[in-house]
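What follows is a set of notes on a single structure, which appears directly below.
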């Protein structure tokens with residue numbers, strides 16, 4: 001079979017990527033491409049981009065958020081306002097052949113400028129909106145329809161998601177654009193210019209999931225369903241000791257098992273007769289979700305979480321216990337999961353962090369620490385552009401770049417060079 | 001520059017993929033790979049897999065959901081219980097060289113069986129859980145921590161997302177795995193076995209976004225914040241005519257602009273003095289979000305949506321109006337968006353549907369209709385496996401396959417061959 005023996009065999013091994021980014025989507029894209037084997041260098045203003053101090057922070061003011069989204073990258077720090085730094089960064093991009101960015105308003109990073117120097121450049125730019133306007137997950141989400149259809153039955157006002165789902169999707173589309181374009185370049189020699197608006201990621205998803213089609217064909221606006229699952233049977237239940245589970249019965253087998261374990265098989269049969277319906281149809285289970293939920297819940301409130309778990313685990317019903325972030329962090333789902341391993345993160349500390357959520361050829365690759373701003377400036381410039389020690393010292397002295405050794409404590413300084421975010 | 005003149009120049013042109021799937025994630029992966037240029041054949045039981053009748057439905061019982069997630073694919077229908085059909089499907093996979101699937105418990109689709117026939121096979125399997133256990137978006141989500149930290153301030157109980165964000169992310173990871181593995185195969189000749197558990201997609205994301213790190217370093221469990229954005233300034237506001245906007249002020253410039261347009265600059269300066277704080281720090285803006293929100297909201301309740309929109313559009317503040325799905329479907333965001341075009345969907349009707357949410361080399365590719373179950377059975381078997389008309393007729397007569405012409409109305413029949421879903 002096909003089990004490459006070394007990490008050099010990862011699917012994107014040999015690919016070099018320059019990332020000029022901030023916030024969630026493009027950092028996630030770069031990290032993911034790195035986990036697939038690419039060498040990713042994040043290039044930032046001295047002191048870090050607008051996301052370098054983003055909450056949550058450690059007591060020392062280090063961003064746990066930033067470290068989590070930039071694992072395994074190299075970091076180069078330069079004064080983005082200095083034309084000499086801009087030229088060095090452009091040289092690096094031309095050398096690497098791939099740029100992923102959500103930077104806007106930086107002419108020296110434009111596709112036309114860079115592709116004039118390297119016609120097979122792969123240039124993937126995440127925008128807020130297709131017209132270049134600014135947008136972030138929280139604003140894009142408002143337009144999608146989801147906040148007005150999510151949340152407890154009967155409440156009014158929008159329910160925004162906490163999970164920045166559009167950023168995550170946009171980051172994965174960005175990574176996919178790069179991987180696909182690398183494949184095409186290696187096959188045909190062609191570069192690629194890809195423009196990916198965060199807003200379009202959200203709108204495409206609303207369409208792909210059928211919500212826009214439903215509305216166009218005259219469907220009603222979706223009501224809030226609480227924890228019920230639209231069009232099939234799902235709900236949350238609480239046990240006698242106050243533990244909450246989510247249940248999903250997507251097939252007739254699941255549903256019959258749920259009836260059996262709650263001792264409601266006969267009651268449900270009688271109900272089917274009396275109502276003249278067939279709960280073998282998932283739409284029918286959805287329509288009668290309140291009645292069914294009442295039957296099932298009365299079993300759960302009379303049993304402990306342990307009893308409920310044992311009964312559910314012995315059935316085909318899909319289920320999961322609700323957890324808080326703190327509960328999850330110490331749960332076997334994380335602590336016994338081969339996707340997680342301990343990362344000794346400088347400035348923050350050792351902790352369990354995830355690798356890529358897939359095994360490739362039977363293996364997980366372990367997560368690597370995130371760099372500090374400028375950790376790899378000297379190495380990258382020497383390796384990739386052949387810049388010698390004297391010039392590195394001169395560039396550092398003049399503030400064109402920052403290297404790890406130019407700040408012995410390697411503490412970030414306040415950035416004076418931040419642009420508005422897109423996405 | 002590099003502008004391939006024909007659709008044959010799409011990044012994954014020349015790649016053939018067989019998809020054996022149901023629900024959201026793998027169908028989205030296949031559709032996305034198709035939009036990038038791959039030829040995708042969805043292989044289903046006669047009558048369709050467990051998702052073929054999923055809500056929302058048209059009045060005629062056709063699934064708008066299914067059509068939306070399977071645009072541009074070919075469809076082959078066969079009796080999955082028949083060894084002869086299984087052998088034909090295996091032949092197709094070996095011919096295509098790529099399988100994406102969330103099928104479980106079908107030995108004849110196993111990696112080892114198929115890779116024994118084609119060592120460079122790319123086999124990407126989405127599971128519910130890494131141990132093979134079943135899970136769907138709605139159950140996985142319960143474990144992540146998000147439902148207990150999402151929603152209005154002060155409510156109790158979980159708030160499940162309506163957007164199946166984990167399915168969407170898993171679908172994009174699946175597509176990324178395929179594109180990366182195709183690149184590696186073309187470079188090295190190696191196939192790939194990729195296993196992607198939906199649960200691990202969610203857990204990796206919780207980790208990548210810093211929530212697990214925060215918890216491990218002793219951070220408190222997240223409180224519900226309503227529409228506020230954690231760690232920076234964002235909130236919703238309502239205008240005098242009852243229109244609701246989401247606002248995000250991620251930078252000091254955004255924040256100062258928001259103060260200026262609401263006429264609160266002086267009030268905020270006084271507040272900074274009185275409290276001894278600096279609203280130039282986004283964490284400080286977050287801590288004082290209620291006070292700041294009070295100041296800003298009093299401007300919005302005295303202005304119409306039109307006035308508010310004009311003032312916001314003239315500023316750097318990021319904003320968006322909340323819309324329902326029905327409002328969005330007729331909004332210029334959709335109707336004037338080059339990503340959308342009219343698809344004349346057989347059995348459902350003409351409607352605006354999205355293409356891939358990125359332009360490649362300056363172009364959007366238009367969405368294509370979804371097939372009906374078995375529409376392409378005869379064509380695919382003839383083209384790829386060289387099966388002649390007589391054998392097609394015989395296979396159809398014996399119920400091994402279903403072709404479009406074998407059912408003149410091309411109406412799906414009830415499936416008798418459905419397995420439990422994973423993801």
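The values are calculated or read from the model by the stated rules, or taken from the named source; none is laboratory data. Please read all numbers here as calculations on a predicted model, not as lab measurements. Here the Cβ is made from the backbone with ideal geometry for all residues, glycine too, and neighbour counts use every protein chain on show.
Among (1) surrounded by fewer than 24 Cβ atoms within 10 Å (Cβ to Cβ); (2) at pLDDT 95 or above, which single condition is residue A:102 missing? Condition (1) is where residue A:102 drops out. Within the stretch B:354-378, being more than 8 Å from chain A (Cβ to nearest Cβ) and at positive phi holds for one residue alone: B:374.
Which condition from (1) touching a strand residue (DSSP E or B) at 6+ places or on another chain (Cβ under 9 Å); (2) farther than 23 Å from residue B:172 by Cβ; (3) modelled with pLDDT under 95 is the one that residue B:51 breaks? Exception for residue B:51: condition (2).
Quick one: count up the residues across the stretch A:350-371 that are out of contact with any helix residue (DSSP H, G or I) (no Cβ under 7 Å at 6 or more places or on another chain) and either within 23 Å of residue B:100 (Cα to Cα) or assigned to a loop (DSSP other than H, G, I, E, B) (or both). Full working, then the answer.
Going through the stretch A:350-371, the residues out of contact with any helix residue (DSSP H, G or I) (no Cβ under 7 Å at 6 or more places or on another chain) turn out to be A:350, A:359-364, A:366-369, A:371.
Still in the list and also either within 23 Å of residue B:100 (Cα to Cα) or assigned to a loop (DSSP other than H, G, I, E, B) (or both): A:359-364, A:366-369, A:371.
Looking only at that region, the number is 11.
Among the residues of the stretch B:273-285, the ones that are assigned to a helix (DSSP H, G or I) and within 21 Å of residue B:229 (Cα to Cα) come to 4 in all.
Scanning the stretch A:76-97 for any residue that is within 14 Å of another protein chain (Cβ to nearest Cβ) and over 30 Å from residue A:349 (Cα atoms) turns up at least one such residue. Looking across the stretch B:36-52 at every residue that is more than 26 Å from residue B:357 (Cα to Cα) and within 13 Å of chain A (Cβ to nearest Cβ), the one that is surrounded by the most Cβ atoms within 10 Å (Cβ to Cβ) is identified as B:49. Taking helices (runs of 4 or more DSSP H) as the structural unit, those lying wholly within the stretch B:112-218 and holding at least 3 residues that are crowded, with 22+ Cβ neighbours inside 10 Å and in the same structural domain as residue B:97 (by TED's automatic domain parsing) correspond to B:137-143, B:165-188, B:198-208.
This table checks each residue for (1) buried (at least 23 other Cβ atoms within 10 Å of the Cβ); (2) closer than 20 Å to residue A:371 by Cα.
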site: A:63; (1), (2): yes, yes
site: A:66; (1), (2): yes, yes
site: A:74; (1), (2): no, yes
site: A:82; (1), (2): no, no
site: A:86; (1), (2): no, no
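Each residue in the stretch A:227-256 was checked for being facing chain B (nearest Cβ under 8 Å), closer than 19 Å to residue A:321 by Cβ and within 28 Å of the chain's Cα centre (by Cα), and 10 of them qualify. Of all residues in the stretch A:183-206, those that are facing chain B (nearest Cβ under 7 Å) and closer than 21 Å to residue A:11 by Cβ have Cβ atoms under 8 Å from Cβ atoms of residues that are in a helix (DSSP H, G or I) and at pLDDT below 95, 6 or more apart or on another chain, in A:184/B:9; A:190/B:9. Residues in the stretch A:307-349 that are assigned to a helix (DSSP H, G or I), more than 7 Å from every other protein chain (Cβ to nearest Cβ) and touching a residue at least 12 places away in the same chain (Cβ under 8 Å): A:307, A:308, A:309, A:311, A:312, A:335. Considering the stretch B:7-19, the residues that are away from chain A (no Cβ under 12 Å) and either buried (at least 24 other Cβ atoms within 10 Å of the Cβ) or closer than 30 Å to residue A:110 by Cβ (or both) include one that is modelled with the lowest pLDDT, namely B:7.
Based on this model, can you work out whether residue B:31 counts as part of a helix (DSSP H, G or I) and either surrounded by 24 or more Cβ atoms within 10 Å (Cβ to Cβ) or at pLDDT below 95 (or both)? Criteria met by residue B:31.
Filter the stretch B:290-312 down to residues that are touching a strand residue (DSSP E or B) at 6+ places or on another chain (Cβ under 8 Å) and surrounded by 19 or more Cβ atoms within 10 Å (Cβ to Cβ), then give me how many there are. Full working, then the answer.
Within the stretch B:290-312, the subset touching a strand residue (DSSP E or B) at 6+ places or on another chain (Cβ under 8 Å) is B:292-293, B:296-297, B:300-301, B:305, B:308-309, B:312.
In the following step, the residues that additionally are surrounded by 19 or more Cβ atoms within 10 Å (Cβ to Cβ) were identified as B:292-293, B:296, B:300, B:308, B:312.
So the count comes out to 6.
Residue B:214 passes every criterion in (1) in contact (Cβ under 8 Å) with a residue 12 or more places away in the chain; (2) at the interface with chain A (Cβ under 7 Å from one of its Cβ atoms); (3) out of contact with any strand residue (DSSP E or B) (no Cβ under 6 Å at 6 or more places or on another chain); (4) farther than 27 Å from residue B:325 by Cβ apart from (1).
Taking the numbered list (1) crowded, with 23+ Cβ neighbours inside 10 Å; (2) touching a helix residue (DSSP H, G or I) at 6+ places or on another chain (Cβ under 7 Å) in turn, residue A:343 passes all entries but (2). Taking the criterion of being assigned to a helix (DSSP H, G or I) and touching a strand residue (DSSP E or B) at 6+ places or on another chain (Cβ under 9 Å), the residues of the stretch B:219-258 that qualify are B:254, B:255, B:256, B:257, B:258. Among the residues that make up the stretch B:276-287, is at least one of them over 36 Å from the mean Cα position of the chain (by Cα), in contact (Cβ under 8 Å) with a residue 24 or more places away in the chain and more than 14 Å from every other protein chain (Cβ to nearest Cβ)? Yes, because at least one residue in the stretch B:276-287 is over 36 Å from the mean Cα position of the chain (by Cα), in contact (Cβ under 8 Å) with a residue 24 or more places away in the chain and more than 14 Å from every other protein chain (Cβ to nearest Cβ).
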